[in-house]
Structures are given as C-alpha cells and as structure tokens.
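Only one structure is covered here, and it is reproduced in the block below.
The values are calculated or read from the model by the stated rules, or taken from the named source; none is laboratory data. Given the structure is predicted, the values throughout are model-derived calculations rather than measurements. Heads up, the Cβs are rebuilt from the backbone with ideal geometry, glycines too, and the neighbour counts pull from every protein chain shown. Keep in mind that these areas ignore ligands, DNA and RNA; they rest on the heavy atoms of the full protein, side chains included. Shrake-Rupley method; radii C 1.70, N 1.55, O 1.52, S 1.80 Å.
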Amino acid sequence: MVKELNENDLGLMVGKFYSDVFGYDIEVMYEKGISQEYVERNIEYFNNLDQNFIINMCTSLKRYYESCKKLYPDLCDELPSDILENFDKDPTSILQYVKIGVYRFHKCKASDEDIPVLNLCGHCEWAGDAGITIVAKKDHLIYVGRWQDRNVWENREESSLEKMFNYALPIA
C-alpha cells in the first residue's frame, strides 16, 4: 500500500500511497517508532471514508473558502466564480480545489492504535500560502483550516482565536 518507503534526512519514514478520496498520490510521513501496520490501517480507513463524513468535510472546506473569500478577496480573484455552483448537488466538487500533500502520523498510546485518524496537510487554491490542514479522529472532524502542525493525540484546549478560524466547527 505504501510505496517508495524510505527514511528522510530528519529520520522520519516517508513514502506515498494512492488516495481514493482525492484521486492522486499523497505522501505519508511518520516517526520510525510507529508501525507500518498502524499507518496502513489508517490509510485503509481514509480510502474508505463514510460518505457522510466526506460531505461534512466538504461542508467545512466550503466554510473555509467562504471565509477566505470574504476576508481576503484578492486571493480568490483568480478562482472560477462558480467554485460553489455545483456544491448543493455534489459537495465533493470542492475537492478539485484542494491538493493534499502529506498524511502525517504522530506517536500514540498503544491503546489508541485502533482509533482511526486523519492529519492531512496541503494546499487549497483559495488560501494562498496559508495552505490547509484537515484533522479528524474516529469520524469526527477536529480541525479544518489554514495549515497548522497539529498532533491529533494532543488534547489541548483551542484558544478563542483558533476556534474562530477552525471551519470544522459549525458557526454558532
């Protein structure tokens, strides 16, 4: 499943796999102490995401896009004006504007290894250099927004500013 696996200059294991969700290869990166079995189990989970979860993720991406368009209209000027035209009919249409580069894994407790996680980072056309991060645990979106080096296993309280720009959270 993971192809071209090797150790990079930072001592991390790096390879790539094909994403059924996005339709292209994504780099996978993890510490040497993390088992390849754990990584591949999570890739299998990712490639078989529940359709409702994918729609929830796409709805969060839509909120991120709409916020960027409002806050930074110059970044969105060159995007097609109809980016959301088909969203109501096909929410996954927004995925064509997202390019995930890395699926990152952090070490977890052995008792947590059966909990599926996503930690995806990359680029989206509407956010410029801010990029994108999508983090989930057990079919629950934790974070969707600009790039952040997030560890899905850290149980920390988000600041009010972080919450304001976390598009995984529905607008209150």
- Query: Once amide H atoms are built 1.01 Å from N in the peptide plane, which residues 5 or more positions from Ser19, or in another chain, come under 5 Å H to H?
  - Reply: Tyr24, Asp25, Ile26
- Query: Per residue Cα convex hull volume for the stretch 54-100, in cubic angstrom?
  - Reply: 75 Å³
- Item | Loop-located trypsin sites (Lys or Arg not before Pro) in the stretch 52-103 whose Cβ has at most 11 other Cβ within 10 Å (DSSP) | Lys89
- Query: Ordered by residue, what ³J(HN,Hα) values in Hz, to whole numbers, does the stretch 88-103 give under the Karplus form 6.51 cos²θ - 1.76 cosθ + 1.60, where θ = phi - 60° and Gly and Pro are x?
  - Reply: 4, 7, 9, x, 5, 4, 5, 5, 5, 9, 10, 10, 6, x, 9, 10
- Message: Please list, ordered by chain and number, the residues whose modelled amide H lies under 5 Å from the amide H of Cys124; skip anything fewer than 5 residues away on the same chain.
- Response: Lys99, Gly131, Ile132
- Return the aspartates and glutamates within reach of Lys107: Cα separation strictly under 17 angstrom, same-chain partners fewer than 8 residues apart disregarded; answer none if there are no such residues. Glu7, Glu31, Glu37, Glu40, Asp149, Glu154
- What is the calculated FRET efficiency for Ser19 to Ala110, with r their C-beta to C-beta distance and R₀ = 22 Å, to the nearest 0.05? 0.25
- log10 of Debye I(q)/I(0), alpha-carbon scatterers only, for the stretch 66-134 at 0.22, 0.28 Å⁻¹: -0.99, -1.28
- Paired Rg and Dmax values of the stretch 6-48, which use every Cα atom, in angstrom: 10.8, 32
- Too long at a 20 Å Cα-Cα cut-off: which of Lys62/Lys89; Lys70/Lys163; Lys69/Lys138? Lys69/Lys138
- Query: How do Arg150, Arg156, Arg104 rank by accessible surface area computed with a 1.4 Å probe, from largest to smallest?
  - Reply: Arg156, Arg104, Arg150
- Note on the structure: In Å², rounded to a whole number, the accessible area per residue of the chain with probe 1.4 Å is 55 Å²
- Query: Roughly how many percent of the accessible protein surface of the chain is carbon and sulfur, given a 1.4 Å probe and a whole-percent answer?
  - Reply: 48 percent
- Message: Give the residue list of GluC sites (Glu not before Pro) in the stretch 18-79 that are DSSP loop and have at most 13 other beta-carbon atoms within 10 angstrom.
- Response: Glu78
- Item | Label-point separation, Val2 to Asn151 (7 Å along Cα→Cβ), nm | 1.9 nm
